1. Do you know which of the residues in the range 17-31 that are part of a helix (DSSP H, G or I) and open to solvent by less than 10 Å² (accessible area, probe 1.4 Å) is nearest to Thr108 (Cα to Cα)?
2. Considering only residues that are open to solvent by 60 Å² or more (accessible area, probe 1.4 Å), touching a residue at least 24 places away in the same chain (Cβ under 8 Å) and among the hydrophobic types (A, V, I, L, M, F, W, C), which ones fall in the range 57-85?
3. Given the residues Ser14, Ser54, which is the only one that is small (Gly, Ala, Ser), in a helix (DSSP H, G or I) and open to solvent by 40 Å² or more (accessible area, probe 1.4 Å)?
Amino acid sequence: MDAQLVALAASGASALVGAMVTDAWAQARGQVVGLWRRHCPAQAEAVEAELVSSQEELAATAESEELLRARLEGRWQGRLERLLEEAAESGRAAADLRVTADVISGLTASGAGSVVQNVRAGRDAYTAARDLHIGVREREA
């Protein structure tokens, strides 16, 4: 396997395992399962079960967390390398993995997942990403 693909699998595994202990875990897991559904659909359910098992194992551990993280990263790097090999004929799996790893890294770097805001109003509606101050200005005489 090409060294760039090995590095890509390592990067993806690192982002994945890092996300296992964050609030963004559900989104990260969905991204990885989606990757398998697109490229090796027959394995998607087994991969999802293994992801859940890996996350539970990491969440339950207090001792030697770094050793366990390294072991999980190695396990998932191997899984990602096999995915890249099995889906090599399409040529899209590597690009898809790169995007997936970037999305997962973005989820964990921001500390939060995405925010969806739906507003329905009969007359006026105001939305803001931060503070919003609405008041009546006094008119000058």
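The values are calculated or read from the model by the stated rules, or taken from the named source; none is laboratory data. Quantities reported herein were computed from a predicted structural model and do not represent experimental measurements. Heads up, the Cβs are rebuilt from the backbone with ideal geometry, glycines too, and the neighbour counts pull from every protein chain shown. Accessible surface is based on the protein model in full, side chains and every heavy atom, while ligands, DNA and RNA are left aside. Shrake-Rupley method; radii C 1.70, N 1.55, O 1.52, S 1.80 Å.
1. Keep residues of the range 17-31 that are part of a helix (DSSP H, G or I), which gives 17-19, 25-31.
Now drop any that are not open to solvent by less than 10 Å² (accessible area, probe 1.4 Å), which leaves 17, 19, 28.
Values: Val17: 11, Ala19: 6, Ala28: 9 Å.
Applying the filter and picking the extreme gives Ala19.
2. Correct list: Ala59 only.
3. Details: Ser54 fails: open to solvent by 40 Å² or more (accessible area, probe 1.4 Å).
Criteria check complete, one pass: Ser14.
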